[in-house]
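Step one of this worksheet: look at the structure below.
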Amino acid sequence: MKVCVYCASSNKVDEKYFEATRTLAQNLAQDGISVVYGGGSNGLMGCIANTTLQHGGKVIGILPRFMDKVEWGHKGLTQLVLVNDMHERKKLLIEGVDAVIALPGGCGTLEELMEVITLKRLGKFTKPIIILNTDGFYDHLKALLDKMVEERFMRTEHVDIWTFVDKPEDIIPAIHNAPTWNSDAINFAAV
Ligand code: AMP
C-alpha cells in the first residue's frame with residue numbers, strides 16, 4: 001500500500017504537530033505502507049520522511065527541480081523524483097496511491113488538499129482523503145466545507161469525499177473505513 005502525505009514545510013510549528021507526524025510515520029512504516037510526499041527536508045515534511053525511514057519504511061519524494069537547486073530536497077530518500085514544476089509534482093504525488101493524508105500545514109498543504117478534493121468531486125480521484133485535525137487545527141476548514149454543503153455550493157453526497165480525524169492513530173483505520181467513491185461522481189458534481 002502507498003499513501004500520499006501533504007504537510008507543512010515550516011520548522012517553526014509547535015512540537016505537538018511534530019509528535020503527531022512521528023506517530024503517523026511510525027504506524028505507516030510498521031504496517032508496510034510507503035509514503036509519497038513533496039520531497040522536502042524541512043518541517044513536518046522532513047519529519048514524516050525521517051521517521052518513516054528510521055522505522056524501516058519506504059519514502060518517495062516528488063520535488064520540482066527549482067527546489068532541488070536551492071537544496072530543499074531530502075538527500076536520504078528511498079527515491080527522489082525531480083519534476084519540472086508544481087503542477088507536475090501535484091499530479092505525480094497522487095498517481096497510484098491508495099489514499100491521501102493531509103496533516104496540518106500552510107498554503108501549500110491547503111492548495112494540494114483543495115486540488116485533490118476537487119478532483120475527487122469530479123471523479124478523477126477516487127481514494128480516501130483523510131485530514132488530521134490535530135488539536136482542532138482544521139476546525140475552521142471543516143466548518144467552511146460544512147457551510148459549502150449547507151448553502152448548497154456542494155451536495156450532501158460530497159461530504160463522503162473527506163474524513164476528518166483527531167488523532168494520528170485514527171488515520172489508517174479511517175483509510176480502511178472510508179466511504180467508497182466512484183469515477184461516476186462527475187454525474188452529481190453540479191448542484
Ligand atoms: P506549506 O503547507 O505551505 O508549508 O507547503 C507544504 C506543501 O507545499 C508540501 O506538501 C510541498 O508539496 C509544498 N512545499 C512548500 N514549501 C516547500 C519546501 N520548502 N520544500 C518542499 N516542498 C514545499
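The values are calculated or read from the model by the stated rules, or taken from the named source; none is laboratory data. Small disclaimer: the values here were computed from a predicted structure and weren't measured. As a convention, Cβ positions derive from the backbone with ideal geometry for all residues, glycine included, and neighbour counts pool all protein chains shown. Just so you know, the surface numbers come from the protein's heavy atoms only, side chains and all, with ligands and any DNA or RNA stripped out. Shrake-Rupley method; radii C 1.70, N 1.55, O 1.52, S 1.80 Å.
Observations, loosely collected:
- Complete set of residues in segment 143-158 that are assigned to a helix (DSSP H, G or I) and either in contact with a Leu (Cβ under 8 Å, 6 or more places away or on another chain) or open to solvent by 80 Å² or more (accessible area, probe 1.4 Å) (or both): LEU144, LYS147, GLU150, THR156
- Among the candidates LYS90, LYS142, LYS147, residue that is touching a residue at least 24 places away in the same chain (Cβ under 8 Å) and of a type in the set (Lys, Arg): LYS90
- Each residue in segment 52-85 was checked for being assigned to a helix (DSSP H, G or I), away from the ligand (no atom under 11 Å from the Cβ) and open to solvent by 10 Å² or more (accessible area, probe 1.4 Å), and 4 pass.
Residue by residue, here is whether (1) in contact with a His (Cβ under 7 Å, 6 or more places away or on another chain); (2) within 18 Å of ALA99 (Cα to Cα); (3) modelled with pLDDT of 95 or more holds:
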site: ASN27; (1), (2), (3): no, yes, yes
site: ILE33; (1), (2), (3): no, yes, yes
site: LEU44; (1), (2), (3): no, no, yes
site: GLY57; (1), (2), (3): no, yes, yes
site: VAL70; (1), (2), (3): no, no, no
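- Among residues of segment 61-82 that are under 14 Å from MET45 (Cα atoms), none has a beta-carbon under 6 Å from a residue that is modelled with pLDDT under 95 and more than 9 Å from the ligand (Cβ to nearest atom) at least six positions away or on a different chain.
- Matching residues, segment 86-127, being in a loop (DSSP other than H, G, I, E, B) and more than 12 Å from the ligand (Cβ to nearest atom): GLU95, GLY96, VAL97, ASP98, LEU122, GLY123, LYS124, PHE125, THR126, LYS127
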